[in-house]
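Please read the structure below before turning to the comments.
The values are calculated or read from the model by the stated rules, or taken from the named source; none is laboratory data. Worth saying up front: this structure is predicted, and the values here are computed from it rather than measured. No Cβ is skipped: glycine too gets one built from the backbone with ideal geometry, and neighbour counts run over all protein chains shown.
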Amino acid sequence: MKLYIKSILVCAAVVFISACDEFDPKKGIENPNLLLENVIGSPGSTASWIVGQEREMAIVYNRLLELTEIGSDNYENVQTFFNQQFDALNITFQDQNVDNLAFRIADLRTSGNIGLQQVQPADPDGTDAQRAELFFYVGWAKMLAGELFVALPDTELPDSEPATPKTPTENLNAALADFQAAEALDGTHAGYKLALARTYYNLGDQANAVLKANEAIAADPNYTRTVEFDGTNGPDSDFADALFDRGNFDDLQPLPRLDFLDPKYFVEGDTESPVYIQKAEEAHLILAEAELANNDVPAARTHLTNLLSLVNTRAMNTFSDAVEGRDGSRPATAVVMVAASASDPLRAGLVIDRQLGDVTVARISGTSIVQTDIDALTDQLVALEMLYLMRQEIFIAEGRRFVDLGIKMPISENESLLNPAVTSTHILSSVPSFVPTDMDAFTFDTSTNEVVILHNMNAILVANRTDAAVVPFF
């Protein structure tokens, strides 16, 4: 996008400006269309800047989805060109993908701040709604920093003033302030309320999370927000390529109990599936979890029923997935039965036969849970396990499971070398001790067509619900 100021966006907060100048091969070359002074004061500049923010968000999610989905039990990286380390939770500060993601998050935040501080105030056509959107993007970057990293700076400073890494709590609280500013400018926007609910949820603030979840549903009970991709002009969706355009080498496979939800993204010509980063389903999940934390199972059942009703109204995608190739080691037919662990019952209907014709897969949200499952709930912990299964299914391929598992990435080697405020504790990833490195392992008996997953991670989360890294309301 022409209105981006390359020298600022390339030199985002994860590196210092002086270091960026040192390594910039185009130093001294200026395009007048990219200069900030040619943007400030131009009519319509904020609208154009927000288009750039949307593009930055797409780039963030290209980096984010690869790492978080492979680094969870949602997908196994059988054989792809994507990150080969996260599947075994070998998450190191020297991983270039970690550095790339941190850079892109900082890029989103930095460009949003430029819009807030310089572009929108000088735009004769600028509006409060546009300013609210810029606050949203800045807050989203800080929220992702708090969710995904052990620490990240939230400022861009020259090397004489090191950018102090902020803890997850500090980054999340900073995100709250931005979302609150957005809501103050546009008080009816369901997305801003839902962003607040999510951030309060991450902080374990049950009362405020419930308040904002209820307000989000009241504002728009069917709300969604997407990140869009462009197969012609870019950026195209890397994760859609990974899930749908697998080819002969790419083999990113879902956990068998999630097979019926795969591939959530597909490509038709230049049209690529969007990523849903916000949806009203999250508000219902927050409300249900809050009631379970209060040990009110009947109230939780009501919220889960409302959630299921919404999920059942969501659109589906129907397309051919015959290109999907699986060797005999993976389930590939609808007769396969799947157990969540050796102590869980076998369930039918979780695996799709992709060679018999078109498949139909949830576009926005899907779940294996039906109303009779919810009606049967009487025990708090059984209900909590079901809720986390529904979170896993509804948020699959959206980068959320990694956070639910309590895993956090380290500050990268690049940042540690350039930023004297980074300490030895910042360059270590954080993986809860109860999260196994082989959490997407399973056995498949081809003679009986039975799959048994080694670890039921939802049951493990419930068993460790009091750990500070997971299940925020307990």
- [ ] Sort out for me the strands (runs of 3 or more DSSP E) sitting completely within segment 315-423 that have 1 or more residues that are surrounded by fewer than 21 Cβ atoms within 10 Å (Cβ to Cβ) and of a type in the set (Val, Ile, Thr).
- [x] 316-319, 359-362
Task: Condition broken by Ala174, with the remaining ones in (1) touching a Pro at 6+ places or on another chain (Cβ under 6 Å); (2) within 27 Å of Phe402 (Cα to Cα) satisfied - done: (1)
Open item on the list: I'm trying to understand the selection: among the residues of segment 431-470, which are of a type in the set (S, T, N, Q) and surrounded by fewer than 16 Cβ atoms within 10 Å (Cβ to Cβ)?
Closed with: Ser433, Thr437, Thr443, Thr446, Ser447, Thr448, Thr466
TODO: Pairs only if they're at least six apart or on different chains, beta carbon under 8 angstrom, first in segment 87-101 and hydroxyl-bearing (Ser, Thr, Tyr), second crowded, with 18+ Cβ neighbours inside 10 Å; list them, first residue then second.
DONE: Thr92/Val98; Thr92/Pro410; Thr92/Ser429
- [ ] Could you figure out which of (1) small (Gly, Ala, Ser); (2) under 25 Å from Phe229 (Cα atoms); (3) at pLDDT below 70 isn't true of Ala58?
- [x] (3)
Open item on the list: Suppose we keep only residues that are charged (D, E, K, R) and in a helix (DSSP H, G or I) within segment 62-118. Which one would you say is surrounded by the fewest Cβ atoms within 10 Å (Cβ to Cβ)?
Closed with: Arg63
TODO: Residues being crowded, with 22+ Cβ neighbours inside 10 Å and not in a helix (DSSP H, G or I): count how many of those fall in segment 119-145.
DONE: 1
Task: Looking only at segment 210-241, and only at residues there that are of a type in the set (Asp, Glu) and in a helix (DSSP H, G or I), the one that is nearest to Glu291 (Cα to Cα) - done: Glu215
Task: Single residue of Leu211, Leu255 found to be aliphatic (A, V, I, L, M) and either at pLDDT below 95 or within 21 Å of the chain's Cα centre (by Cα) (or both) - done: Leu255
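Can you say whether Asp445 is touching a residue at least 12 places away in the same chain (Cβ under 8 Å) and either over 21 Å from Ala348 (Cβ atoms) or of a type in the set (D, E, K, R) (or both), as far as the supplied structure shows?
no
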Open item on the list: Step by step: first the residues of segment 252-307, then only those that are outside any strand (DSSP E or B), acidic (Asp, Glu) and out of contact with any strand residue (DSSP E or B) (no Cβ under 7 Å at 6 or more places or on another chain), then the one that is farthest from Asp241 (Cα to Cα). Which residue is that?
Closed with: Asp296
